[in-house]
Amino acid sequence: MRIAVFIKSTTFHANFGGLETQNKVLCEGLVKRGHDVLVFAPQQELKFETKYENGVKYHFIPSVYRLLRFNKNNWYYKSQEAFQKFHKEKSFDLILSQSSAGVGPISTKDTYKVPAISISHGTILGEFRTRLQTATGLKELLALTKDTLFVLHNFFGRQRKFVHGSDKIIAVSSAVKEALVEETFTLEDKIEVINNGIDPKKIENAKPPAHDHASPSKKSILYVGQIQKSKGLNTLFKLAQEPEFKDVDFEVIGGGDYLEELRQKTKSANMQDKFRLHGKLPYEKVLAYFKTPSIKLFALPTQRVEGFPMVLVEALFAGLPIVAYDIGGVSDAVITGKTGFLVPAGDYETFKKHVLELLSDVDLQENLSKPAKDFAYSNLTLEAVLSSYEEVFEQVVDSQEEPAEASEL
């Protein structure tokens with residue numbers, strides 16, 4: 001199939017996260033299976049308009065990513081124009097939209113008789129609840145109040161347009177599916193749940209960092225993700241200051257708007273050697289930390305309504321038990337007593353208790369490590385995920401062709 005993919009940003013853009021990584025992995029996997037994939041994204045800060053990487057073609061469109069449609073440089077119109085141009089040169093079989101990024105082309109799909117599938121990583125109310133729960137101080141509360149109109153416009157506008165305009169929705173977790181049904185009143189059978197996955201070899205072939213200075217007997221906790229308050233970094237920092245964790249190191253990897261403030265807090269507490277902030281690292285180096293012998297567990301005290309965090313998939317393949325708050329789609333990966341411990345959201349003491357249990361009990365670590373790997377290899381390999389996607393693709397494309405065939409009889 002020839003597939004047009006629409007996404008707000010890519011791994012070429014600054015401050016990319018799990019969604020962009022998932023898109024890269026998915027598109028490269030589809031190319032390896034013989035599909036022709038062209039990714040469209042706003043150019044934003046990039047200095048180039050085209051890119052070709054691992055078989056995937058990228059086209060970056062100079063545009064403004066805003067909801068106000070009276071601006072003809074708006075992504076809504078520019079993405080339509082780009083789709084039409086490339087479709088006329090060589091027809092697409094399918095539109096694949098990452099969340100609402102493809103809402104413009106989706107609105108024209110009937111004209112070009114190209115079916116559309118959207119991938120939902122979360123919902124607008126889920127994002128709003130995250131900001132509401134994590135807002136602190138007058139400045140953040142005022143900003144939240146100001147953004148309420150934006151949220152309402154998205155809730156009643158863009159979100160419903162891409163959900164109802166698509167022929168099928170792929171939700172990255174059961175929680176996302178449930179939220180979509182509640183917020184958009186779409187039919188449950190229109191939504192398929194397909195968790196994110198990766199190529200296990202990326203973890204299998206990863207080697208611990210050569211500069212890792214922790215001895216094998218050292219105990220460390222790993223966090224990988226955006227460095228934002230809503231990701232629970234203050235919870236980790238609080239743990240690091242508890243007396244029970246005096247001999248435990250924290251390896252914190254990622255970039256974000258809270259990184260510099262957290263650096264200052266770490267420096268003020270004289271904890272730079274204990275609470276190590278590595279910043280944003282190349283993907284290969286990130287994976288290497290999952291294989292570091294001193295790391296005993298992966299911690300995700302997120303306050304965000306997560307879709308299905310890619311870092312949990314990586315932790316499972318590495319056989320790292322996970323301790324995480326039960327919020328959003330985290331429960332699709334963290335199963336208490338099997339892959340780790342799922343803790344009621346915000347319950348700090350229970351979170352701390354399970355972290356300490358894992359750090360002090362080698363047998364418990366091993367008893368969770370193998371089931372975690374087994375779960376990942378059974379459900380979250382890239383090949384399994386790609387097969388699930390292709391089944392949905394074929395179903396949608398075939399249903400598009402049926403009326404034409406019927407009319408000829």
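The values are calculated or read from the model by the stated rules, or taken from the named source; none is laboratory data. Since we're looking at a predicted model, the values are computed, not measured. When we count neighbours, we look across all protein chains shown, and the Cβ atoms used for this are built from the backbone with ideal geometry, even at glycine.
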For LEU316, only one of the following conditions fails: (1) surrounded by fewer than 24 Cβ atoms within 10 Å (Cβ to Cβ); (2) touching a residue at least 40 places away in the same chain (Cβ under 8 Å); (3) assigned by TED's automatic domain parsing to the domain that holds THR235; (4) assigned to a helix (DSSP H, G or I). What is its number? (1)
Under 8 Å by Cβ, and 6 or more places apart or on different chains, what pairs join a residue from segment 201-213 that is surrounded by 11 or more Cβ atoms within 10 Å (Cβ to Cβ) with one that is modelled with pLDDT under 90 and in a helix (DSSP H, G or I)? ALA206/GLU284
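Condition check ((1) under 23 Å from GLY307 (Cβ atoms); (2) touching a Pro at 6+ places or on another chain (Cβ under 6 Å)) across all residues:
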| residue | (1), (2) |
| --- | --- |
| LYS229 | yes, no |
| GLY232 | yes, yes |
| THR235 | yes, yes |
| GLU261 | no, no |
| GLN264 | no, no |
Could you tell me whether segment 254-273 includes any residue that is at pLDDT below 95, buried (at least 20 other Cβ atoms within 10 Å of the Cβ) and within 29 Å of VAL362 (Cβ to Cβ)? yes
Failed item, numbered, when GLY34 is tested on (1) on the phi < 0 side of the Ramachandran plot; (2) out of contact with any helix residue (DSSP H, G or I) (no Cβ under 8 Å at 6 or more places or on another chain); (3) outside any strand (DSSP E or B); (4) modelled with pLDDT of 95 or more: (1)
In segment 281-305, residue nearest to the chain's Cα centre (by Cα) [restricted to those that are at pLDDT 90 or above and part of a loop (DSSP other than H, G, I, E, B)]: THR302
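Within segment 326-344, track down each residue that is hydrophobic (A, V, I, L, M, F, W, C) and surrounded by fewer than 18 Cβ atoms within 10 Å (Cβ to Cβ). Steps first, please.
From segment 326-344, those hydrophobic (A, V, I, L, M, F, W, C) are 327, 330, 333-335, 341-343; that's our starting set.
Once the filter is applied, which keeps residues that are hydrophobic (A, V, I, L, M, F, W, C) and surrounded by fewer than 18 Cβ atoms within 10 Å (Cβ to Cβ), segment 326-344 yields only ILE335.
Quick check on LYS267: is it in contact (Cβ under 8 Å) with a residue 40 or more places away in the chain and either out of contact with any strand residue (DSSP E or B) (no Cβ under 8 Å at 6 or more places or on another chain) or closer than 18 Å to GLY17 by Cα (or both)?
Spelling it out, it is not the case that LYS267 is in contact (Cβ under 8 Å) with a residue 40 or more places away in the chain and either out of contact with any strand residue (DSSP E or B) (no Cβ under 8 Å at 6 or more places or on another chain) or closer than 18 Å to GLY17 by Cα (or both).
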Only one of (1) farther than 21 Å from PHE86 by Cβ; (2) part of a strand (DSSP E or B) does not apply to GLU45, and that is (2)
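Does ALA171 fit the bill of being crowded, with 17+ Cβ neighbours inside 10 Å, touching a Gly at 6+ places or on another chain (Cβ under 6 Å) and at pLDDT 90 or above?
On the way: crowded, with 17+ Cβ neighbours inside 10 Å: yes; touching a Gly at 6+ places or on another chain (Cβ under 6 Å): no; at pLDDT 90 or above: yes.
Criteria not met by ALA171.
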Anything in segment 79-110 that is outside any loop (DSSP other than H, G, I, E, B), more than 15 Å from LEU180 (Cβ to Cβ) and modelled with pLDDT under 90? List them, or say none. LYS109, ASP110
Some residue of segment 367-378 being of a type in the set (S, T, N, Q) and under 24 Å from LEU236 (Cβ atoms): yes
